[in-house]
1. Would you please name the residue that is surrounded by the most Cβ atoms within 10 Å (Cβ to Cβ), looking only at residues in segment A:43-53 that are of a type in the set (A, V, I, L, M) and at pLDDT 85 or above?
2. What number of residues within segment B:26-64 are under 29 Å from A:Ala96 (Cβ atoms), surrounded by 20 or more Cβ atoms within 10 Å (Cβ to Cβ), at the interface with another protein chain (Cβ under 7 Å from one of its Cβ atoms) and hydrophobic (A, V, I, L, M, F, W, C)?
3. Being modelled with pLDDT of 90 or more and out of contact with any strand residue (DSSP E or B) (no Cβ under 6 Å at 6 or more places or on another chain) narrows it down to one of B:Leu23, B:Leu44, B:Leu14, so name that one.
Amino acid sequence: MTVVLTQFWPAMAAAFLASLVEAVEALTIVLAVATVRGWRPAGLGALAGLALLVLIVVALGPLLDRIPLHLLQLVIGILLLLFGMRWLRKAILRAANIIPLHDETVAFKMGTEELHKQARRHEARLDWLAALASFKAVLLEGLEVVFIVIAIGTGRGLLVPAGAGALAACLLVAGAGLVLHRPLARVPENTLKFTVGVMLSAFGVFWTGEGLGITWPGADSAILAFAALFLAVGLMAIVLARRPSAEMLR
Amino acid sequence: MNALITVFRELTGLFVDDGSLALAILAVIIIAALIAAAMPDVQLAAGAVLLFGCLGVLVANVLRAAQR
């Protein structure tokens, strides 16, 4: 039971935090569509995106059971490493002021401007285009959530905690969006991405190693040690790479 | 067709943002796999290469980006 618990909470937390980031990004675009063209095309596009996501999961989910476990661990481990370290790198560069922070308010503004431009070009087709923007946002960000849940949950029977974490995050963001009707600009996105990058990279090293036939000391607990190492190295990299921010230069 | 290309690009973008980082990670994994195959009795050697290789690749990539 201890062994299971050492992965249960990290798996749920990683899926929750990663899904929170993706859901906030999808919500920003859906809200932009709703602001410009109303809730009908925004809602229909989002629902169509969700429906396609469910179809993809239902169609591809059972295939995972047919893949040999070691191969599955190796492939998922490699994808997790690529995905997690990509997030971690970007979060480090943002924290070190090398690249600008992602701003949901700016993303919302850009989304509404793009829709206004489309309105001037294709007035007649606008509802379709607006619904398509909403559909694409939910589908693409949703695919990331599905990947994270599958990657974290497959192989050790952790689909339930990973899925529950992702679902909780999506419901939380959707609820907040419905109440506030504006982008969730105050979510500390870079901190979340840094944390998730650390956790996914740790899971990635663990699964890739297992896929290569490596027996890690401490078994599943090794994930926590890997996460601590990635965290320490990530924080060190921020310090080493840090540039003074524009505000400090003024 | 454009929508399909966009979806493909977005899917690739999930895993590859900076090509050199992705290539370096894959190189570390291949080296770890070779060590695991060559020295099955010393599995931890491959594990250490994998773990510290990934950490090294991350720091090197970040520092290079900072110098640009």
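1. The qualifying residue surrounded by the most Cβ atoms within 10 Å (Cβ to Cβ) is A:Ala46.
2. 8
3. On the way: B:Leu44 fails: modelled with pLDDT of 90 or more; B:Leu14 fails: modelled with pLDDT of 90 or more.
Only one candidate passes the filter, namely B:Leu23.
The values are calculated or read from the model by the stated rules, or taken from the named source; none is laboratory data. All values derive from a computational prediction rather than experimental measurement. Ideal geometry is used to build each Cβ from the backbone, glycine not excepted, and the neighbour counts take in all protein chains shown.
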